[in-house]
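Accompanying notes for the structure given below.
The values are calculated or read from the model by the stated rules, or taken from the named source; none is laboratory data. As the structure is a computational prediction, the values presented were derived from the model and not from experiment. Virtual Cβ from ideal backbone geometry, glycine too; neighbours counted across all protein chains shown.
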Amino acid sequence: MKTTESTRREFLKGSLSAASATWLTLQWPAVLAAAGAAQDARAASAPFANLTADEARDLEAVAAQIVPTDESPGAREAGVIYFIDAALGSFAAPQAGSLKAGLADLNAKARTVDPAATGFASLSDEAQVALLTREESGQFFQGVRFMTLCGMFALPSYGGNRDEIGWKLLGFDHRHVWQPPFGYYDAQATGEQS
């Protein structure tokens, strides 16, 4: 939630940190299992396994503010909530209690902003951004942000990144195998002239 203007691509690239990469490397088998379950649930339009419908609605609204829909699709269109639901039943299960408590706290704060609100998702976009801006340094927001980015950029078969939406945002061209020459720099490395 920066106040200065930047592109979504710059924000997303800047969001990936060494600590997140290290954690993800250590948790990769569990992430893959959760992602596979999420993909199956998304494809079958199954009910959520680890979230209530209200929790899913509010968490999806948070994810949609982290990677919003504008001229390009965001977290909602990428199906990130299915990845988060599966993660809370597998590799992120130890954090599920604190995440749900954080969501309940966020919803209580949403009701102080608008007494008619049933939860975070029922706030206006402006009120959601203002509330998340106040919460962005907290553990709850950081956890949801991390899972949103994982769900946004994982292989589509893992539950998020529906239709490769996240990859298209980054300009990533997914191929099973890359064949040489990869680019102009290869000629320089081999001493060939282009």
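Does at least one position in the range 106-123 carry a residue that is closer than 29 Å to Asp173 by Cα and part of a helix (DSSP H, G or I)? No: the range 106-123 contains no residue that is closer than 29 Å to Asp173 by Cα and part of a helix (DSSP H, G or I). Look at (1) at positive phi; (2) at pLDDT below 85; (3) under 13 Å from the mean Cα position of the chain (by Cα) and you find that Gly79 fails only one, number (2). Output the residues belonging to the range 82-103 that are in contact (Cβ under 8 Å) with a residue 60 or more places away in the chain and crowded, with 24+ Cβ neighbours inside 10 Å. Passing the criteria: Tyr82, Phe83, Ile84, Ala86, Ala87.
Checking every residue in the range 73-85 against the condition of being over 21 Å from Leu169 (Cα atoms), in contact with a helix residue (DSSP H, G or I) (Cβ under 9 Å, 6 or more places away or on another chain) and not basic (Lys, Arg) gives at least one match.
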